[in-house]
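Data first, discussion second: the structure below is written as structure tokens.
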């Protein structure tokens with residue numbers, strides 16, 4: 001379930017970086033326009049593009065970032081604190097239950113809550129989920145190298161030894 005949290009944190013950090021870049025472009029664009037007006041129309045045009053993008057894009061990007069942070073906080077409460085009902089989450093985060101419900105639906109749609117089922121009021125663990133097969137790497141008893149399976153036996157390509165499945169640690 002920690003993968004759910006990693007995914008939402010990655011998206012929040014990505015949105016933060018994009019928002020900062022848009023804000024910086026706005027600030028950088030103004031001097032570009034002033035310094036290159038009438039001198040270098042290409043750089044001046046780049047400055048105008050930076051200002052327009054920063055002026056119109058920054059507010060929208062920062063609002064999107066704030067929304068993603070709210071969703072992240074809801075996912076953190078679910079994954080780390082094991083709060084599973086709208087009422088518990090709303091109480092913990094000082095939000096109303098309607099907003100919590102909307103944030104959980106957002107998190108489910110963005111696949112931030114894989115492994116959970118949501119019925120509109122509470123979350124439960126998804127018991128019908130396909131089991132995750134754990135990868136067990138077999139190591140050679142002689143050299144510690146990674147073994148390759150050959151039929152019912154295991155072969156070490158490093159020391160050229162072959163073992164039955166009963167001989168492996």
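The values are calculated or read from the model by the stated rules, or taken from the named source; none is laboratory data. The structure displayed is predicted, hence computed values, not measured ones. All Cβ positions, glycine included, derive from the backbone under ideal geometry; neighbour counts span all protein chains shown.
Quick notes
- Residue 4 vs. criteria modelled with pLDDT under 90 and in contact with a helix residue (DSSP H, G or I) (Cβ under 9 Å, 6 or more places away or on another chain): yes
- Every condition in (1) at pLDDT below 95; (2) surrounded by 17 or more Cβ atoms within 10 Å (Cβ to Cβ); (3) closer than 30 Å to residue 126 by Cβ holds for residue 91 except the one numbered (2).
- Complete set of residues in region 146-167 that are in a loop (DSSP other than H, G, I, E, B) and surrounded by fewer than 14 Cβ atoms within 10 Å (Cβ to Cβ): 151, 152, 157, 158, 159, 160, 165, 166, 167
- Among the residues here, residue 20 qualifies as within 30 Å of residue 114 (Cα to Cα), without any contact (Cβ under 8 Å) to a residue 24 or more places away in the chain and surrounded by fewer than 18 Cβ atoms within 10 Å (Cβ to Cβ).
- When residue 77 is tested against (1) modelled with pLDDT under 95; (2) over 30 Å from residue 124 (Cα atoms); (3) in a helix (DSSP H, G or I), only condition (2) is not met.
- Residue in region 44-66 that is surrounded by 17 or more Cβ atoms within 10 Å (Cβ to Cβ) and not in a helix (DSSP H, G or I) present: no
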